[in-house]
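Working notes, structure below.
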Amino acid sequence: MDKTPTSLHLSVALSAAQVESIAAAVLALVDAELDERVATRLGQVLVGGPSDDVWSSVTDVAARLGVHPRTVYRALRAGRLQGDRVGSRWRVKPDALADWLAKASAARREPAPRPTPIAAARLEPRRPSAGESQTSFRARARAAGAG
């Protein structure tokens with residue numbers, strides 16, 4: 001018996017619609033497999049988003065928002081973000097995080113009050129009137145203090 005490998009060449013002619021249909025089916029299978037693996041790893045079912053029972057750590061909140069964890073700690077301590085301490089660690093409910101984000105985005109939409117312009121100060125030196133002498137402020141202050 002001859003044990004040489006044999007090769008098989010197959011060519012198939014497909015229309016563009018058939019290729020799109022196959023690609024959509026493959027993407028659906030890949031998405032389903034990824035969802036299942038993620039759900040298994042996290043220990044939760046990913047249907048309709050996270051449930052109210054899932055609390056996030058400060059590190060998770062910071063990573064999700066793209067901010068430093070110190071920013072999240074400051075918001076928790078100041079009371080802008082509602083959270084609970086579990087032992088020595090903070091935990092944040094998804095509802096509290098959504099409320100904090102809504103308040104922050106509303107604050108960004110409101111324009112900051114502009115300061116009222118200050119009247120321009122007179123920049124030219126004060127000239128003494130006809131009856132005044134041309135002494136410096138220091139000389140006038142000394143004279144006022146001595147008298």
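The values are calculated or read from the model by the stated rules, or taken from the named source; none is laboratory data. Quick caveat, the model's predicted, so the values are computed rather than measured. Cβ coordinates were reconstructed from backbone atoms using ideal geometry, including for glycine residues, and neighbour counts include every protein chain displayed.
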| field | Residues satisfying the stated conditions in segment 62-83, i.e. out of contact with any helix residue (DSSP H, G or I) (no Cβ under 9 Å at 6 or more places or on another chain) and outside any helix (DSSP H, G or I) | value | GLY66, GLY79
| If you take the residues of segment 104-140 that are part of a helix (DSSP H, G or I) and exposed (fewer than 11 other Cβ atoms within 10 Å of the Cβ), which of them is modelled with the highest pLDDT? | ARG138
| query | Are any residues in segment 42-73 modelled with pLDDT of 60 or more and exposed (fewer than 11 other Cβ atoms within 10 Å of the Cβ), and if so, which ones? | reply | ASP53, GLY66, HIS68, ARG70
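Before we move on, is ALA39 modelled with pLDDT under 80, within 30 Å of VAL72 (Cα to Cα), surrounded by 10 or more Cβ atoms within 10 Å (Cβ to Cβ) and not assigned by TED's automatic domain parsing to the domain that holds PRO69?
Taking the combined requirement at face value, the residue satisfies it.
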